[in-house]
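Chemist: Have a look at the structure that comes next, please.
The values are calculated or read from the model by the stated rules, or taken from the named source; none is laboratory data. Every value quoted in this text rests on a predicted model; they were computed, and no experiment measured them. Virtual Cβ from ideal backbone geometry, glycine too; neighbours counted across all protein chains shown.
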Amino acid sequence: MLRDNTVSPLRLGPLAVWPPVVLAPMAGVTNYAFRSLCREFGAGLYVSEMITARGYVRGNAFSRLLAGAVPGERPRSIQLYGTDPAELGEAARRLAADGTEHLDLNFGCPVPKVTRLGGGAAIPVRPRLMAALVRAAVRGAGGVPVTVKVRKGIDDDLLTFRDAGRVAEDEGAAAIGLHARTAAQLYSGDADWDAIAELKARVRIPVLGNGDVWEAADALRMMRTTGCDGVIVGRGCLGRPWLFAALAAAFEGREPPPPPRLGGVLAVMREHAARLVALFGPVSGVLQMRKWCTWYLVGFRGSAAASAALSRMRSLAEMEAICARLDPDEPYPDPAPRPARTGEGRRQRVHLPAGYLAARDDDAPPAGAEPSAAALSGG
């Protein structure tokens, strides 16, 4: 079996993650409603959507909701964003004291409203600042493992992943995850798995590969070709939480189960919608479900018309009425569709603060670089 002969559990401090599969933290996506669905399909590590250190420390209700403990969710894993070492360290301390078992630091966000203020993917441009942030989080977290998530760099002319790997290792991070695209690429083009292999050769801490894992076979191929210690799954699971069942089977050496017919997809959709409503309330929960309906139904006959109607729905009853018009026996599309996120298929020019590149040794926190988690969820 692959578990015995080829792949080992992912070791993050006291945690042993099997299979070595991590749900990518995605703003507006990996709240408890979706995480809990994914977890029911297969084991692994399921990271929350990002919360801001400042919001959490200051008692922001939305940040506290996203970071809240849920009975039975273990290991409890939270992605934390911060640009001030003092705030990041204090947030890590409080989250660890509250029972969080894994913290991931976001140094890869490519959203313009973040990078133009010196946050997200701009942080590794200044290695001393990144070092101060990782050091503060590791100290604050105590024995709770802290990992970092980065991109290759700003663009092809400013690659930062090599420095980021050195900083993560030197400052006590338990692992580093690399989304093998630049911030300029957003989600376009192919992920550069060679960069994952290079990072793995440079550091002693575990390396997690992220980018273009659409099927279970992609995860196995990434690990075999790059030598990475685990895979991070992002867009591949949007509207497809059963992908984690296929991943678990593949890593155990079993044949992955087939995807569900449309009736099975609709059943998962209903459950997902119910969990969103339970978490966010009947208005916000339904509004959040709208984008999910498009991801779940893409590739099925009549999905364009159904998705258009569902994008305007205002209640679960309305969702049921629209879905009742679809054929539950329709087989899953082959090949499986690839859901799109904002920025799909395009590149961007990454804007940094004025003078940012002239002071790469500066370790001062960038001013005003911490928007709210709610604002980032909308981006």
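Chemist: Out of everything in the range 22-40 that is part of a loop (DSSP other than H, G, I, E, B) and in contact with a strand residue (DSSP E or B) (Cβ under 8 Å, 6 or more places away or on another chain), what residue ends up being surrounded by the fewest Cβ atoms within 10 Å (Cβ to Cβ)?
Modeler: So the residue we want is 30.
Chemist: Follow-up. Hey, can you tell me all the residues within the range 114-170 that are of a type in the set (Lys, Arg) and without any contact (Cβ under 8 Å) to a residue 12 or more places away in the chain?
Modeler: none
Chemist: Which one of 134, 148, 114 is in contact with a Gly (Cβ under 8 Å, 6 or more places away or on another chain), in a strand (DSSP E or B), in the same structural domain as residue 231 (by TED's automatic domain parsing) and within 21 Å of residue 360 (Cα to Cα)?
Modeler: Testing whether each residue is in contact with a Gly (Cβ under 8 Å, 6 or more places away or on another chain), in a strand (DSSP E or B), in the same structural domain as residue 231 (by TED's automatic domain parsing) and within 21 Å of residue 360 (Cα to Cα) leaves just 148.
Chemist: Return the only residue of 49, 73, 87 being outside any helix (DSSP H, G or I), of a type in the set (Asp, Glu) and within 30 Å of residue 155 (Cβ to Cβ).
Modeler: From the options 49, 73, 87, the qualifying one is 49.
Chemist: If I filter the range 346-379 down to residues being farther than 15 Å from residue 183 by Cβ and under 20 Å from the mean Cα position of the chain (by Cα), which single residue comes out as modelled with the highest pLDDT?
Modeler: Within the range 346-379, the match that is modelled with the highest pLDDT is 370.
Chemist: Only one residue in 89, 68, 118 is on the phi > 0 side of the Ramachandran plot and either modelled with pLDDT under 95 or buried (at least 20 other Cβ atoms within 10 Å of the Cβ) (or both). Which one?
Modeler: 118
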